[in-house]
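Okay, so here's the structure we're looking at.
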Amino acid sequence: MHAARPPSRPVGTITRGTTGVNRLRRMDRWIADAHGAALRGSATPPLAVDLGYGAAPWTAVELLGRLRTVREDAQVAGVEIDPVRVAAALPYQRDGLRFLRGGFEVPLPSGTPPPLLIRAANVLRQYDEADVPAAWARLTGALAPGGLLVEGTCDEIGRRHVWVTLDREGPRTVTFAARLAGLATPSDLAERLPKALIHRNVPGEPVHALLRDLDRAWAAAAPYGALSARQRWIATARAVAADWPLTDGPRRWRQGEVTVRWDAVAPRGS
């Protein structure tokens, strides 16, 4: 049997390419913490892929810097489907950072070990919901053993962000992260749900129930706001943890995050 031939052209379509400095800082810091043990334990320099980094290379540059606080020999490959964007990023290449043209096929050079991390931020948001399972399957299939795919959406300046974390077996968790100052209600994050969930924020769907319960707990925790928005968020998360399978605790809640198991919020019938 002949080996499958690689795609003759990148898999996917060109996205809007919106990007900005520090836009993905919340996701990066979570990755460095949650995936740090795997990065440190890698037998080879761990490789991360920044898929669809956009019209400017800032997110890939920043990802390398943040991963190197965990592992000094970490490497990043920025992958973009638009050849003009790849050409514009090439002057930023340096040791451990490269830019390649490609899409969901993750076109790494021959002999390159598979990535321990693929980050796809604000990419699938621009596709149809029906496209998500195939994209997830392609990307998780490209991962090294123990690797993670982190896929989600954030606002233009990175103050509100929701992402799904997947391994080679499928989705595992969903993380909600926000700059707490100025957050009116946790359900304000609904507009940043990833494509797999954004159309499911309706009565009868689990993610809608979670956001409802977060809002109720946030309202009940209003007295903690006199101390700080952070203390109010911690009290909110602690209350919600009584009914929802949260996978993190106060150390991450202090960062304005809460992470829940995927199976608790997965769309009905998925």
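Odds and ends about this structure:
- Taking region 15-60 as the range and being open to solvent by 30 Å² or more (accessible area, probe 1.4 Å) and in contact with a helix residue (DSSP H, G or I) (Cβ under 8 Å, 6 or more places away or on another chain) as the test, the residues that pass are 16, 19, 21, 22, 25, 29, 33, 55.
- Listed by first and then second residue, the pairs with beta-carbon distance under 6 Å, at least 6 apart or on different chains, first residue in region 236-257 and modelled with pLDDT under 95, second part of a loop (DSSP other than H, G, I, E, B) and not β-branched (Val, Ile, Thr), form an empty list.
- Residues (among the small types (Gly, Ala, Ser) and surrounded by fewer than 17 Cβ atoms within 10 Å (Cβ to Cβ)) located in region 207-222: 209, 219, 220, 222
- Among the residues examined, residue 235 does not qualify as closer than 21 Å to residue 164 by Cβ, assigned to a helix (DSSP H, G or I) and open to solvent by less than 40 Å² (accessible area, probe 1.4 Å).
- Scope region 124-136; condition outside any loop (DSSP other than H, G, I, E, B) and open to solvent by 60 Å² or more (accessible area, probe 1.4 Å); matching residues: 125, 126, 130, 131, 133, 134
- Residues satisfying the stated conditions in region 185-201, i.e. among the β-branched types (Val, Ile, Thr) and over 18 Å from the mean Cα position of the chain (by Cα): 185
- Annotation note: of 150, 86, 76, 106, the sole residue that is part of a loop (DSSP other than H, G, I, E, B) and either open to solvent by less than 60 Å² (accessible area, probe 1.4 Å) or under 22 Å from residue 256 (Cα atoms) (or both) is 106.
- Among the conditions (1) surrounded by fewer than 17 Cβ atoms within 10 Å (Cβ to Cβ); (2) part of a loop (DSSP other than H, G, I, E, B); (3) without any contact (Cβ under 8 Å) to a residue 40 or more places away in the chain, residue 268 misses just one, which is (3).
- Contact map, region 73-97: residues that are in contact (Cβ under 8 Å) with a residue 40 or more places away in the chain and of a type in the set (A, V, I, L, M, F, W, C) paired with residues that are assigned to a strand (DSSP E or B) and surrounded by fewer than 23 Cβ atoms within 10 Å (Cβ to Cβ), Cβ distance under 9 Å, separation 6+ or inter-chain. Pairs shown: 81/101.
- Against the conditions (1) exposed (fewer than 15 other Cβ atoms within 10 Å of the Cβ); (2) hydrophobic (A, V, I, L, M, F, W, C); (3) in contact with a helix residue (DSSP H, G or I) (Cβ under 8 Å, 6 or more places away or on another chain); (4) closer than 25 Å to residue 42 by Cβ, residue 120 satisfies every one except (1).
- Of 204, 225, 182, all but one fail to be in a loop (DSSP other than H, G, I, E, B), over 15 Å from the mean Cα position of the chain (by Cα), modelled with pLDDT of 95 or more and surrounded by fewer than 16 Cβ atoms within 10 Å (Cβ to Cβ); the exception is 204.
- One residue alone among 143, 100, 139 is under 29 Å from residue 255 (Cα atoms), open to solvent by less than 60 Å² (accessible area, probe 1.4 Å), more than 14 Å from the chain's Cα centre (by Cα) and of a type in the set (A, V, I, L, M), and that residue is 143.
- Subset tally (residues that are over 22 Å from residue 108 (Cα atoms), in contact (Cβ under 8 Å) with a residue 40 or more places away in the chain and more than 12 Å from the chain's Cα centre (by Cα)) for region 146-157: 2
The values are calculated or read from the model by the stated rules, or taken from the named source; none is laboratory data. Only a predicted model underlies this, so the values are computations on that prediction, with no experimental measurement involved. Positions of Cβ are generated from backbone atoms using ideal geometry, with glycine treated the same way; all protein chains shown enter the neighbour counts. SASA here: full protein model, heavy atoms, side chains in, ligands and nucleic acids out. Shrake-Rupley method; radii C 1.70, N 1.55, O 1.52, S 1.80 Å.
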